[in-house]
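The values are calculated or read from the model by the stated rules, or taken from the named source; none is laboratory data. Keep in mind that this is a model prediction, so the values were computed, not measured. Counting neighbours? That spans all protein chains shown, and the Cβs are built from the backbone with ideal geometry, glycine included. To get the accessible areas, we keep the full protein, side chains included, count just its heavy atoms, and leave off ligands, DNA and RNA. Shrake-Rupley method; radii C 1.70, N 1.55, O 1.52, S 1.80 Å.
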Amino acid sequence: MDIYRALNADVPQLLFTVLHQSGPTISEEDFTRTVTALHMDIRKQAGEVGEALQQWLQQQAHEHAEETVRKLQRLGVLAETADVGEVMHIVERDLRRLAGRVGSESLLGVQGSGEEVYAEETPGDPDLAKRIADGREYMVSLGFKPGQGPLHEAWLLFRGSIHYDVMEHVVRDRLGIYKGSHGDHILTVGRTSFGTYNLIYQLGEGLTADLASDALTQEVTFAFSKGPVHYSDFRRDVSALMEQMGEQSDLHHISFWQRKLGLGTGKEFVLRLSIPVSEEALREVIEAIANAGRVGKETIVKRGKLLLGRRVL
């Protein structure tokens, strides 16, 4: 995209999250059904927006190529023996290349989406139970009521902030606020909280990778703040910690996110992991983070808030 190229900046990979809890009378099954329908509609509409952009760009390139050839003919620049059709093809091709280089075409499109439901069960291990209880208190501080209706987190993954406008157009104008799957889901929701995060570092499969039918995994989330250390040093230390964590063979995914400036509530940093379903695997992950240095032990494990869930989409 032109602005990123001009500034010699990386195109950010963004995660837009929606924490949402149902009303107390809504079942987990009904809540998951409505949100799944909404995800499917958003994916469909985002795909149609991408196709519409491709068609519009092709039409614009074709029309401008025709106009350019006519101007060249009026100016007498083209030889009488020139193949007008071939000239148009070359101009149109170059215009499409330019559009891909300086426009937003290469960024458009949701890279993935997912849905996580936070666990309501309490682990048998006393230490894990205490950590999960602290995590639930953190959710209370954000306005949620753990245990009083299913608590989910929706994920939309994309590149570049242009997708805020695209997603707003999809949800408000193409889906509609009070009709269809979006209207159905609104009727089931009691509380929501939004956040947007920049990806800092990632190892393993993608966060929104398709769920394998035979994969029994749990989603582990640590929310934490950096403290007085400088941002660059902190991001480097956590990324180094992840490299050590990546040596674990049963770690399916690990990613490190920083909340986008001014967007969202709660802790500024999030570490997300996908691991096998067992208390033993969870204990091993916590121990591995704590043994990876001061940042892991003090900032993430000791002062961070642990949330446990599972992917449903």
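Here are a few things to note about the model shown:
- Which listed residue, of ALA290, ALA281, is more than 15 Å from SER255 (Cα to Cα) and in contact with a Lys or Arg (Cβ under 7 Å, 6 or more places away or on another chain): ALA290
- Boolean, SER104 is closer than 30 Å to ARG5 by Cα, part of a loop (DSSP other than H, G, I, E, B) and of a type in the set (S, T, N, Q): yes
- Residue list for the range 140-182, restricted to those being closer than 18 Å to GLN13 by Cα and not in a helix (DSSP H, G or I): ALA154, TRP155, LEU156, LEU157, PHE158, ARG159, GLY160, SER161
- For the range 1-43, filtering for residues that are at pLDDT below 90, over 22 Å from GLU121 (Cα atoms) and over 17 Å from the mean Cα position of the chain (by Cα) leaves 9.
- Count of the range 44-57 residues, restricted to those that are under 19 Å from the mean Cα position of the chain (by Cα) and not charged (D, E, K, R), is 5.
- Among the residues examined, ARG131 qualifies as in contact (Cβ under 8 Å) with a residue 60 or more places away in the chain, among the basic types (Lys, Arg) and farther than 29 Å from GLN45 by Cβ.
Let's see how each residue does on (1) of a type in the set (D, E, K, R); (2) at pLDDT 85 or above; (3) surrounded by fewer than 13 Cβ atoms within 10 Å (Cβ to Cβ):
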residue: GLU80; (1), (2), (3): yes, no, yes
residue: GLY85; (1), (2), (3): no, yes, yes
residue: ALA99; (1), (2), (3): no, no, no
residue: GLY103; (1), (2), (3): no, no, no
residue: SER106; (1), (2), (3): no, no, no
residue: VAL117; (1), (2), (3): no, yes, no
residue: GLU120; (1), (2), (3): yes, yes, no
residue: ASP127; (1), (2), (3): yes, yes, yes
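- ASP30, sole failed condition from (1) out of contact with any Gly (no Cβ under 6 Å at 6 or more places or on another chain); (2) within 19 Å of GLY180 (Cα to Cα); (3) open to solvent by less than 30 Å² (accessible area, probe 1.4 Å): (3)
Per-residue answers, yes or no, for (1) surrounded by 14 or more Cβ atoms within 10 Å (Cβ to Cβ); (2) under 18 Å from GLN21 (Cβ atoms):
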site: GLU153; (1), (2): yes, yes
site: PHE158; (1), (2): yes, no
site: MET167; (1), (2): yes, no
site: VAL171; (1), (2): yes, no
site: LEU175; (1), (2): yes, no
site: LYS179; (1), (2): no, no
site: ARG191; (1), (2): yes, yes
site: THR196; (1), (2): yes, no
site: ILE200; (1), (2): yes, no
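- One residue from VAL18, VAL35 being surrounded by 15 or more Cβ atoms within 10 Å (Cβ to Cβ) and in a strand (DSSP E or B): VAL18
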